[in-house]
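The values are calculated or read from the model by the stated rules, or taken from the named source; none is laboratory data. Just so it is clear, the model here is predicted, and its values are computed rather than measured. Quick reminder, even Gly has a Cβ in these numbers, built from the backbone with ideal geometry, and neighbours come from all protein chains shown. Ligands, DNA and RNA are stripped out before the accessible areas are found, and what is left, the full protein with its side chains, is counted by its heavy atoms. Shrake-Rupley method; radii C 1.70, N 1.55, O 1.52, S 1.80 Å.
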Amino acid sequence: MNRSDFPILSRTVYGKPLVYLDNAATTQKPQCVIDAIAEEYCSVNANVHRGVHFLSTQATELHEAARERVRTFINATSTTEIIFTRGTTESLNLMASSYGDAFLKEGDEVIVTEMEHHSNIVPWQMLRERKGIILKAVPIADDGSLDLEKLETLFTPRTRLLSVCHVSNVLGTMNPIRQLADIAHAHNAHLLVDAAQSVPHFPVDVQALGCDFLAFSGHKVYGPTGIGVLYGREALLDMMPPYQGGGEMIARVTFERTTYERLPFKFEAGTPDYVGTHALAVALDYLSAIGMEHIHEHEQDLTAYAMQRLAEIPDLQLYGTTPTKDAVCAFNINGIHHLDLGTLLDRLGIAIRTGHHCAQPLMARYGVEGMCRASFALYNTREEIDALVAAILRVRKMFV
Ligand code: PLP
């Protein structure tokens, strides 16, 4: 890995070198991903599937090769288990809609956690309004770890699904997915994993994890925006109805009756983002060439270093202090509003995120309106964390 693979990292903001620590929101793109998008539009572009002409065949091959690339990246057993979506949010909405139709009746229960992103809360609430399901949330301890004892007590014979983030986008907590899969399955429930914050950071193997479904976003994994993935076990996906209707997802249409395509196309109505899928595959190739283990090791070092350096700052409150934590540090400083801190750091060239991080129930859990969040990627360095700490100390002086 070379920082120069990422052209944007060499730019300045307000005349200062850019220190980009907002990677949980989106990652920057390596040149190979940017080139893949331009090259496909320059020399291949044609709509995929069903086309008989040369370009369409080539575009289809790239698109389906991307599906195979995603399959190997997360170790799914078959490409029929890889559904392309617009991102984690759409994957989770697909689940609430289609899994909801197939498997959930009034009074059935879905369990989420207090640390979920809104995209793993709101679709279930919308389903609750439509169908009368029951939504429960597992509490978390002060350090940001899941209360597993309490989780066990939430299951009843009506519990159908446990839906949890692999890594919290605020606390960085890495949830014990294999253990959660065993707990869910022991209660005859399925496990859905929101892997938006794990797939970019360490090896994710859906078979080893034992999950039934898993969702992630391309743009958080150094790929383009607007493309994402839902993995599902084939036997379950087979039982689920289509999510949207239109072209690509049908076998045969008459006014009397329509039959649907086989997996995975049944879930992919309309022209897919075939340029996005190819560019995503290029991003995954890029990551594999570096090695996900290597990326994890580097980001674990950055996380531990950042936690240690941030803790040196007077009046700084850290959120999410579990030992199993990855790539995210959330904090507040007594007496400084998170928005003020973020805005002033920005003037010093440091990009962090402030606010509720699409996790308002989690903010309520900690009794705050918002937090500051620094989040790391493979290209970040200890020097950038030093720059963050120095800038926070400088801003703090303005308030004390
Ligand atoms: N889940 C988690 C844990 C996230 O961090 C995010 C984005 O920040 C999402 C879901 C939603 O991802 P997207 O906006 O790419 O659909």
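State the percentage of accessible surface on region 293-346 attributable to carbon and sulfur atoms; use a 1.4 Å probe and exclude ligands, DNA and RNA. The nonpolar share, carbon plus sulfur, comes to 52 percent. The stretch between Ile8 and Gln125, if pulled fully straight at 0.36 nm per residue, gains 38.3 nm over its current Cα-Cα span. Placing +1 on the Cβ of every Lys and Arg and -1 on the Cβ of every Asp and Glu, with nothing else charged, gives region 99-197 a dipole about its Cα centre of roughly 380 debye. Accessible area of Tyr14 (1.4 Å probe, protein heavy atoms only, ligands and nucleic acids ignored): about 110 Å². Annotation note: trypsin sites (Lys or Arg not before Pro) in region 246-304 located in DSSP loop regions with a Cβ neighbour count of at most 13 within 10 Å are Arg257, Arg262. When His53, His278, His166 are compared by accessible area of protein heavy atoms, the largest-first order is His53, His278, His166, using a 1.4 Å probe. Counting only heavy atoms of the protein chains and using a 1.4 Å probe, Thr153 has close to 90 Å² of accessible surface. Over region 157-203, what is the relative contact order in whole percent, taking alpha-carbon pairs under 8 Å and six or more residues apart? Relative contact order comes out at 50 percent.
What the chain shows is 41 Å² of accessible area per residue, with the surface traced by a 1.4 Å probe over protein heavy atoms. Taking every Cα-Cα distance in the chain and sorting them into 10 Å bins from zero, the calculated P(r) comes out as 5, 22, 30, 25, 14, 4, 1, 0 percent.
Largest accessible area first, the residues Met307, Met398, Met371 order themselves as Met398, Met307, Met371 under a 1.4 Å probe with ligands, DNA and RNA left out. As a length-normalised measure over Cα pairs under 8 Å and 6 or more apart, the relative contact order of region 208-279 settles at 27 percent. In the chain, taking the dipole from charged Cβ atoms about the Cα centre, the farthest positive-side position among Phe265, Leu230, Phe331 is held by Phe331. Of all DSSP bridge pairs formed entirely within region 83-209, close to 15 percent run antiparallel. Counting Lys and Arg as +1 and Asp and Glu as -1 over every other residue whose Cβ lies under 14 Å from the Cβ of Phe84, the net charge comes to -3.
Cα convex hull, region 272-341: 140 Å³ per residue, rounded to a whole number. Here the chain is treated with +1 on each Lys and Arg Cβ and -1 on each Asp and Glu Cβ, and its dipole about the Cα centre works out to around 660 debye. Once the convex hull of all Cα atoms in region 137-224 is built, its volume per residue stands at 95 Å³. Computed over protein heavy atoms with a 1.4 Å probe, the carbon and sulfur contribution to the accessible area of region 134-210 reaches 53%. What is the distance in Å between the Cα centroid of region 36-95 and that of region 311-326? First find each Cα centre; the distance between them is then 40 Å.
Could you pull the accessible area for Cys165 with a 1.4 Å probe, rounded to 10 Å²? About 10 Å², ignoring ligands and nucleic acids.
Modelled spin labels at Arg178 and Glu234, positioned 7 Å past Cα toward Cβ, are 2.5 nm from each other. Entry note, the chain: relative contact order of 22 percent, from Cα contacts under 8 Å with a spacing of 6+ residues. For the chain, DSSP calls about 60 percent of its internal beta bridges antiparallel. Assuming charge only on the beta carbon of Lys and Arg (+1) and of Asp and Glu (-1), the dipole of region 283-400 about its Cα centre is about 500 debye to the nearest 20.
Spin-label model, Ala289 to Ala141: label points 7 Å out along the Cα-to-beta-carbon direction sit 4.3 nm apart.
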